[in-house]
Amino acid sequence: MTRVTVSAMDHHGGRPRAERARALADALRQQITDDAFADGVLPDERDLGRRFGASRNAVRDALALLREEGLITRRRGVGTTVLLPKYAHGLDRLTGLAEELTGRGTVTNEVRVAVEVPALPAAIASRLEVPAGAGGVYVERLRRLDGLPLSLDTSYLTVDVGRAVLAGDLRDRDVFGLIEEAAGARLGRAEVAVHAVNADPGTARLLGIGPGAAVFALERLTRLADGRPVDAESIRIRADRMALRATLRRGGPRTS
(Lines give C-alpha, C1' and ligand atoms only; values in the text may rest on other atoms or scores of the structure.)
Protein backbone atom coordinates (compact mmCIF):
# COMPACT_ATOMS: atom_id res chain seq x y z
CA MET A 1 0.00 0.00 0.00
CA THR A 2 1.32 3.47 -0.83
CA ARG A 3 2.38 5.32 2.27
CA VAL A 4 0.26 8.42 2.84
CA THR A 5 1.61 10.62 5.56
CA VAL A 6 -0.52 13.01 7.53
CA SER A 7 2.20 13.65 10.08
CA ALA A 8 2.07 17.38 9.44
CA MET A 9 -1.54 17.27 10.57
CA ASP A 10 -0.85 15.05 13.54
CA HIS A 11 1.99 16.97 15.16
CA HIS A 12 0.90 19.19 17.99
CA GLY A 13 1.07 22.29 15.84
CA GLY A 14 -2.12 23.96 16.97
CA ARG A 15 -4.64 22.09 14.82
CA PRO A 16 -7.55 20.73 16.86
CA ARG A 17 -7.65 16.99 17.43
CA ALA A 18 -10.93 16.74 15.51
CA GLU A 19 -9.32 18.29 12.42
CA ARG A 20 -6.41 15.83 12.54
CA ALA A 21 -8.83 12.92 12.84
CA ARG A 22 -10.92 14.18 9.93
CA ALA A 23 -7.87 14.53 7.70
CA LEU A 24 -6.77 10.98 8.50
CA ALA A 25 -10.31 9.67 7.94
CA ASP A 26 -10.29 11.32 4.49
CA ALA A 27 -7.00 9.58 3.63
CA LEU A 28 -8.28 6.20 4.85
CA ARG A 29 -11.59 6.59 3.01
CA GLN A 30 -9.70 7.26 -0.22
CA GLN A 31 -7.60 4.13 0.25
CA ILE A 32 -10.69 2.03 0.97
CA THR A 33 -12.26 3.32 -2.26
CA ASP A 34 -9.04 2.46 -4.10
CA ASP A 35 -9.20 -1.16 -2.79
CA ALA A 36 -5.94 -0.66 -0.95
CA PHE A 37 -7.14 -3.22 1.61
CA ALA A 38 -7.86 -6.05 -0.79
CA ASP A 39 -9.12 -8.49 1.83
CA GLY A 40 -11.32 -5.83 3.42
CA VAL A 41 -9.33 -5.92 6.68
CA LEU A 42 -7.50 -2.80 7.83
CA PRO A 43 -4.18 -2.98 9.72
CA ASP A 44 -4.33 -2.45 13.48
CA GLU A 45 -4.14 1.02 15.02
CA ARG A 46 -0.40 0.85 15.68
CA ASP A 47 0.38 -0.21 12.11
CA LEU A 48 -1.91 2.46 10.65
CA GLY A 49 -0.18 5.05 12.81
CA ARG A 50 3.19 4.03 11.39
CA ARG A 51 1.94 3.98 7.80
CA PHE A 52 0.27 7.36 8.01
CA GLY A 53 2.70 9.04 10.39
CA ALA A 54 -0.11 9.64 12.88
CA SER A 55 -0.56 9.15 16.60
CA ARG A 56 -2.63 6.26 17.88
CA ASN A 57 -5.23 8.68 19.26
CA ALA A 58 -5.66 10.26 15.82
CA VAL A 59 -6.02 6.83 14.23
CA ARG A 60 -8.60 5.77 16.80
CA ASP A 61 -10.62 8.97 16.27
CA ALA A 62 -10.44 8.61 12.48
CA LEU A 63 -11.68 5.03 12.61
CA ALA A 64 -14.55 6.15 14.84
CA LEU A 65 -15.58 8.67 12.15
CA LEU A 66 -15.53 5.99 9.44
CA ARG A 67 -17.56 3.66 11.63
CA GLU A 68 -20.18 6.38 12.17
CA GLU A 69 -20.37 6.74 8.37
CA GLY A 70 -21.14 3.02 8.10
CA LEU A 71 -17.99 2.38 6.07
CA ILE A 72 -16.25 0.06 8.55
CA THR A 73 -17.02 -2.09 11.54
CA ARG A 74 -14.78 -2.87 14.51
CA ARG A 75 -15.01 -6.08 16.52
CA ARG A 76 -12.82 -7.39 19.30
CA GLY A 77 -10.75 -10.32 18.13
CA VAL A 78 -11.51 -9.58 14.47
CA GLY A 79 -10.23 -6.05 14.02
CA THR A 80 -11.40 -3.34 11.64
CA THR A 81 -13.08 -4.47 8.44
CA VAL A 82 -14.74 -2.71 5.51
CA LEU A 83 -18.48 -3.06 5.98
CA LEU A 84 -19.54 -2.25 2.43
CA PRO A 85 -17.09 -1.65 -0.40
CA LYS A 86 -17.31 1.66 -2.24
CA TYR A 87 -17.28 1.57 -6.02
CA ALA A 88 -16.06 4.33 -8.31
CA HIS A 89 -18.30 5.78 -11.02
CA GLY A 90 -16.40 7.94 -13.49
CA LEU A 91 -17.95 11.21 -14.60
CA ASP A 92 -15.45 11.92 -17.37
CA ARG A 93 -17.00 9.61 -19.97
CA LEU A 94 -20.54 8.66 -20.92
CA THR A 95 -21.23 5.18 -19.57
CA GLY A 96 -24.11 3.47 -17.86
CA LEU A 97 -23.78 2.44 -14.24
CA ALA A 98 -23.81 -1.27 -15.08
CA GLU A 99 -20.94 -0.71 -17.54
CA GLU A 100 -18.94 0.98 -14.77
CA LEU A 101 -19.56 -1.97 -12.45
CA THR A 102 -18.36 -4.66 -14.87
CA GLY A 103 -16.29 -7.15 -12.91
CA ARG A 104 -17.41 -5.78 -9.55
CA GLY A 105 -20.20 -8.27 -8.98
CA THR A 106 -23.64 -9.22 -10.24
CA VAL A 107 -25.77 -6.27 -11.30
CA THR A 108 -29.54 -6.76 -11.44
CA ASN A 109 -32.38 -4.36 -12.22
CA GLU A 110 -35.85 -4.52 -10.71
CA VAL A 111 -38.10 -2.83 -13.26
CA ARG A 112 -40.62 -1.02 -11.07
CA VAL A 113 -42.29 1.04 -13.81
CA ALA A 114 -41.99 0.95 -17.59
CA VAL A 115 -44.84 2.71 -19.32
CA GLU A 116 -45.71 5.10 -22.14
CA VAL A 117 -47.20 8.35 -20.86
CA PRO A 118 -49.52 10.58 -22.92
CA ALA A 119 -47.98 13.83 -21.64
CA LEU A 120 -44.63 14.78 -20.17
CA PRO A 121 -44.14 17.06 -17.14
CA ALA A 122 -43.49 20.56 -18.47
CA ALA A 123 -39.95 20.71 -17.04
CA ILE A 124 -39.06 17.35 -18.60
CA ALA A 125 -40.53 18.32 -21.98
CA SER A 126 -38.45 21.49 -21.93
CA ARG A 127 -35.27 19.52 -21.26
CA LEU A 128 -36.06 17.00 -24.01
CA GLU A 129 -36.98 19.88 -26.37
CA VAL A 130 -40.37 18.41 -27.29
CA PRO A 131 -43.95 19.56 -26.65
CA ALA A 132 -45.39 18.20 -23.41
CA GLY A 133 -48.29 16.76 -25.38
CA ALA A 134 -45.94 14.67 -27.51
CA GLY A 135 -45.83 12.15 -24.69
CA GLY A 136 -42.93 9.89 -23.86
CA VAL A 137 -41.84 6.84 -21.92
CA TYR A 138 -41.18 6.64 -18.17
CA VAL A 139 -38.90 3.95 -16.72
CA GLU A 140 -38.03 3.40 -13.07
CA ARG A 141 -35.56 0.70 -12.02
CA LEU A 142 -34.03 -0.30 -8.70
CA ARG A 143 -30.46 -1.40 -9.29
CA ARG A 144 -28.77 -3.94 -7.03
CA LEU A 145 -25.17 -5.09 -6.84
CA ASP A 146 -24.73 -8.60 -5.45
CA GLY A 147 -28.25 -8.38 -4.05
CA LEU A 148 -27.79 -5.10 -2.15
CA PRO A 149 -29.59 -1.93 -3.32
CA LEU A 150 -27.28 0.58 -4.97
CA SER A 151 -29.37 3.11 -6.88
CA LEU A 152 -32.87 4.13 -7.91
CA ASP A 153 -32.89 5.19 -11.58
CA THR A 154 -35.72 7.04 -13.32
CA SER A 155 -35.77 8.09 -16.97
CA TYR A 156 -38.09 10.04 -19.22
CA LEU A 157 -37.41 9.13 -22.86
CA THR A 158 -38.67 10.70 -26.06
CA VAL A 159 -41.55 8.68 -27.42
CA ASP A 160 -39.86 7.43 -30.61
CA VAL A 161 -36.84 6.06 -28.75
CA GLY A 162 -38.76 5.10 -25.63
CA ARG A 163 -41.18 2.73 -27.37
CA ALA A 164 -38.29 0.66 -28.67
CA VAL A 165 -36.63 0.73 -25.26
CA LEU A 166 -39.83 -0.64 -23.70
CA ALA A 167 -39.60 -3.62 -26.04
CA GLY A 168 -36.01 -4.28 -24.98
CA ASP A 169 -34.51 -6.14 -22.02
CA LEU A 170 -34.76 -3.56 -19.25
CA ARG A 171 -34.02 -6.14 -16.58
CA ASP A 172 -30.57 -7.17 -17.73
CA ARG A 173 -29.30 -4.33 -19.93
CA ASP A 174 -28.26 -0.71 -19.58
CA VAL A 175 -30.70 1.83 -20.98
CA PHE A 176 -27.87 3.44 -22.96
CA GLY A 177 -27.37 0.34 -25.09
CA LEU A 178 -31.10 0.03 -25.70
CA ILE A 179 -31.30 3.69 -26.73
CA GLU A 180 -28.50 3.29 -29.26
CA GLU A 181 -30.18 0.24 -30.78
CA ALA A 182 -33.53 2.02 -30.91
CA ALA A 183 -32.10 5.18 -32.48
CA GLY A 184 -29.69 3.40 -34.80
CA ALA A 185 -27.08 5.92 -33.70
CA ARG A 186 -24.48 6.39 -30.99
CA LEU A 187 -25.00 8.55 -27.95
CA GLY A 188 -22.91 11.68 -28.11
CA ARG A 189 -22.77 13.59 -24.84
CA ALA A 190 -24.61 14.34 -21.62
CA GLU A 191 -24.99 17.26 -19.24
CA VAL A 192 -24.62 16.08 -15.65
CA ALA A 193 -25.32 17.73 -12.29
CA VAL A 194 -24.68 16.03 -8.95
CA HIS A 195 -26.25 17.10 -5.66
CA ALA A 196 -25.94 15.73 -2.14
CA VAL A 197 -29.45 15.29 -0.73
CA ASN A 198 -31.19 13.53 2.11
CA ALA A 199 -33.20 10.48 1.10
CA ASP A 200 -36.95 10.86 1.38
CA PRO A 201 -38.74 8.01 3.20
CA GLY A 202 -39.83 6.25 0.00
CA THR A 203 -36.39 6.34 -1.60
CA ALA A 204 -34.75 5.34 1.68
CA ARG A 205 -37.01 2.28 1.97
CA LEU A 206 -36.16 1.11 -1.54
CA LEU A 207 -32.42 1.68 -1.09
CA GLY A 208 -32.33 0.00 2.32
CA ILE A 209 -31.10 3.07 4.21
CA GLY A 210 -32.50 5.23 6.96
CA PRO A 211 -34.77 8.19 6.11
CA GLY A 212 -32.65 11.30 5.77
CA ALA A 213 -29.47 9.36 4.94
CA ALA A 214 -27.18 11.03 2.43
CA VAL A 215 -27.52 10.05 -1.22
CA PHE A 216 -26.10 11.39 -4.46
CA ALA A 217 -28.77 12.89 -6.69
CA LEU A 218 -27.41 12.70 -10.24
CA GLU A 219 -29.38 14.52 -12.93
CA ARG A 220 -28.32 13.68 -16.48
CA LEU A 221 -29.60 14.78 -19.88
CA THR A 222 -28.23 12.47 -22.57
CA ARG A 223 -28.07 13.36 -26.25
CA LEU A 224 -27.48 11.46 -29.46
CA ALA A 225 -24.38 12.24 -31.50
CA ASP A 226 -26.39 14.79 -33.52
CA GLY A 227 -27.22 16.71 -30.32
CA ARG A 228 -30.85 15.64 -29.97
CA PRO A 229 -31.79 14.99 -26.31
CA VAL A 230 -33.46 11.61 -25.77
CA ASP A 231 -33.11 10.71 -22.07
CA ALA A 232 -33.76 12.92 -19.03
CA GLU A 233 -32.55 10.83 -16.14
CA SER A 234 -32.59 11.18 -12.37
CA ILE A 235 -30.54 8.73 -10.28
CA ARG A 236 -30.44 8.42 -6.50
CA ILE A 237 -27.23 6.63 -5.49
CA ARG A 238 -26.32 5.38 -2.04
CA ALA A 239 -23.43 7.60 -0.96
CA ASP A 240 -22.10 4.87 1.33
CA ARG A 241 -21.60 2.51 -1.64
CA MET A 242 -20.28 4.69 -4.42
CA ALA A 243 -17.73 7.43 -5.08
CA LEU A 244 -18.05 9.72 -8.09
CA ARG A 245 -14.78 10.41 -9.89
CA ALA A 246 -13.46 12.39 -12.82
CA THR A 247 -10.11 13.27 -14.34
CA LEU A 248 -10.10 16.99 -15.04
CA ARG A 249 -7.58 18.92 -17.13
CA ARG A 250 -7.01 22.62 -16.81
CA GLY A 251 -7.72 24.54 -19.96
CA GLY A 252 -7.33 28.15 -20.94
CA PRO A 253 -9.16 31.09 -19.36
CA ARG A 254 -12.94 30.86 -19.42
CA THR A 255 -14.48 33.11 -22.06
CA SER A 256 -17.71 34.97 -21.46
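Given the residues Ile209, Ile235, which is the only one that is farther than 30 Å from Glu129 by Cα and surrounded by 15 or more Cβ atoms within 10 Å (Cβ to Cβ)? Outline the logic, then answer.
Details: Ile235 fails: farther than 30 Å from Glu129 by Cα.
That would be Ile209, the only listed residue that is farther than 30 Å from Glu129 by Cα and surrounded by 15 or more Cβ atoms within 10 Å (Cβ to Cβ).
Check region 77-90 and report whether any residue there is open to solvent by less than 30 Å² (accessible area, probe 1.4 Å), touching a Gly at 6+ places or on another chain (Cβ under 7 Å), in contact (Cβ under 8 Å) with a residue 40 or more places away in the chain and in a strand (DSSP E or B). Yes, that holds for at least one residue. Return yes or no: is Leu207 under 20 Å from Leu94 (Cβ atoms), in contact with a Pro (Cβ under 9 Å, 6 or more places away or on another chain) and among the hydrophobic types (A, V, I, L, M, F, W, C)? Against the criterion (under 20 Å from Leu94 (Cβ atoms), in contact with a Pro (Cβ under 9 Å, 6 or more places away or on another chain) and among the hydrophobic types (A, V, I, L, M, F, W, C)), Leu207 does not qualify. Taking each residue of region 146-164 that is within 14 Å of Gly96 (Cα to Cα) and looking for partners that are part of a loop (DSSP other than H, G, I, E, B) with beta-carbon atoms closer than 9 Å, six or more apart or interchain, yields Leu150/Leu101; Leu150/Arg241; Ser151/Arg241. Inclusion of Leu170 among residues that are assigned to a loop (DSSP other than H, G, I, E, B), in the same structural domain as Glu99 (by the TED database), open to solvent by less than 20 Å² (accessible area, probe 1.4 Å) and not aromatic (Phe, Trp, Tyr) is warranted.
Can you tell which of Leu221, Leu120, Leu157 is of a type outside the set (Lys, Arg), over 19 Å from Arg241 (Cβ atoms) and assigned to a loop (DSSP other than H, G, I, E, B)?
Matching residue, one of Leu221, Leu120, Leu157: Leu120.
Of all residues in region 190-205, those that are closer than 23 Å to Arg112 by Cα and in the same structural domain as Leu94 (by the TED database) have Cβ atoms under 7 Å from Cβ atoms of residues that are in a helix (DSSP H, G or I) and open to solvent by less than 60 Å² (accessible area, probe 1.4 Å), 6 or more apart or on another chain, in Ala199/Leu207.
When residues in region 39-63 are screened for being open to solvent by less than 30 Å² (accessible area, probe 1.4 Å), without any contact (Cβ under 8 Å) to a residue 40 or more places away in the chain and closer than 20 Å to Met242 by Cα, 1 of them pass. Mind listing just one residue for me: the one in region 180-198 that is in a strand (DSSP E or B) and of a type in the set (D, E, K, R) and, of those, nearest to Ser155 (Cα to Cα)? Going through the qualifying residues, I end up with Glu191.
Scanning region 123-145 for residues being among the charged types (D, E, K, R), more than 16 Å from Gly168 (Cα to Cα) and not in a loop (DSSP other than H, G, I, E, B) gives a total of 3. Closer than 23 Å to Arg205 by Cβ and open to solvent by less than 60 Å² (accessible area, probe 1.4 Å): is that true of Leu152 in this structure? Criteria met by Leu152.
Just to check your reading of the model, which residue among Ala36, Ala132 is over 18 Å from the mean Cα position of the chain (by Cα), small (Gly, Ala, Ser) and either assigned by the TED database to the domain that holds Arg223 or open to solvent by 60 Å² or more (accessible area, probe 1.4 Å) (or both)? Spell out the reasoning first.
Values: Ala36 fails: either assigned by the TED database to the domain that holds Arg223 or open to solvent by 60 Å² or more (accessible area, probe 1.4 Å) (or both).
Every option except Ala132 fails the conditions.
Quick check on Arg236: is it in a strand (DSSP E or B) and of a type in the set (Lys, Arg)? Yes: the conditions hold for Arg236.
The values are calculated or read from the model by the stated rules, or taken from the named source; none is laboratory data. Being a predicted model, the structure only gives us computed values, none of them experimental. Glycine gets a Cβ as well: all are built from the backbone with ideal geometry, and neighbour counts include every protein chain shown. Each accessible area value is taken on the protein alone, full model and side chains, heavy atoms only, with ligands, DNA and RNA left out. Shrake-Rupley method; radii C 1.70, N 1.55, O 1.52, S 1.80 Å.
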